[in-house]
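In what follows, a structure is listed as structure tokens, so that the remarks can point back to it.
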């Protein structure tokens with residue numbers, strides 16, 4: 001039974017992943033609140049401002065997932081320095097803090113896997129995404145650098161989703177018109193679900209992906225790679 005640490009497991013993708021993994025693995029989860037329907041060890045931690053309490057982790061970790069993120073969509077001229085810094089704090093600096101704390105335990109596993117989350121907007125330029133694309137672009141750089149530094153014992157990969165139905169995206173999907181427009185932008189004609197991203201995360205944590213590291217995998221309904229003509 002593997003030991004997994006899921007940062008940000010109280011909602012959305014993190015919660016879905018914790019639900020899927022909790023039956024067969026030992027979980028350590030972090031968030032502001034204890035996630036419902038998930039068994040395991042819970043650590044209260046605020047990713048954007050607190051040092052990680054590494055003394056609460058197990059001696060050995062087989063997997064690490066960093067889920068906290070932000071969605072800031074606004075014109076560049078209205079995006080302040082503080083907005084950029086806030087997005088970097090949650091998406092990048094929080095990931096660095098958590099991974100640094102978990103690294104000694106990951107090193108003690110026979111083989112370990114780490115998963116970060118980027119966004120399709122890094123490799124596919126989109127208007128209004130300057131701050132979040134910059135922050136997640138840093139995550140992609142971090143993923144590749146860590147994968148090179150920590151190979152062969154620790155694999156490090158990232159997933160780049162498109163719009164996924166979570167608490168963070170609720171404001172973008174309030175009306176039927178918004179949902180229809182968002183679905184129509186994707187070749188597969190639907191919005192992503194937490195289950196879609198959790199399934200890829202489980203694969204990257206498992207031995208089935210044991211020959212993969214340094215990858216950024218798009219799970220985005222085809223938005224980042226193809227265009228359909230109707």
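Here are the numbers for this structure:
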{"read-out": "Length added when fully stretched, residue 36-residue 76, from 0.36 nm per residue minus Cα-Cα", "value": "10.6 nm"}
{"read-out": "Exposure proxy order (Cβ contacts within 10 Å, fewest to most) of 108, 153, 230", "value": "230, 153, 108"}
{"read-out": "For 154, 6, 159, order by how many other beta-carbon atoms lie within 10 Å, fewest first", "value": "154, 159, 6"}
{"read-out": "On Cα atoms only, tilt of 130-150 relative to the major axis of the chain in degrees", "value": "30 degrees"}
{"read-out": "Förster radius 30 Å - calculated FRET efficiency between residue 46 and residue 215 (Cβ-Cβ, nearest 0.05)", "value": "0.50"}
{"read-out": "Cα-based helix-to-principal-axis angle, 194-205 vs the chain, degrees rounded to 10", "value": "40 degrees"}
{"read-out": "Descending semi-axes in whole angstrom, ellipsoid equivalent of the chain, from the Cα gyration tensor", "value": "28, 19, 18"}
{"read-out": "Extension gain from residue 60 to residue 195, taking 0.36 nm per residue of separation minus the Cα-Cα distance", "value": "45.9 nm"}
{"read-out": "Helix axis angle, 94-107 relative to the chain longest principal axis, alpha carbon, degrees", "value": "30 degrees"}
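Bear in mind that the values in this text are calculations on the coordinates, not laboratory data. Everything numeric here is computed off the predicted structure, so don't read it as measured data. Here Cβ is always computed from backbone atoms with ideal geometry, including for glycine, and neighbour counts include all displayed protein chains.
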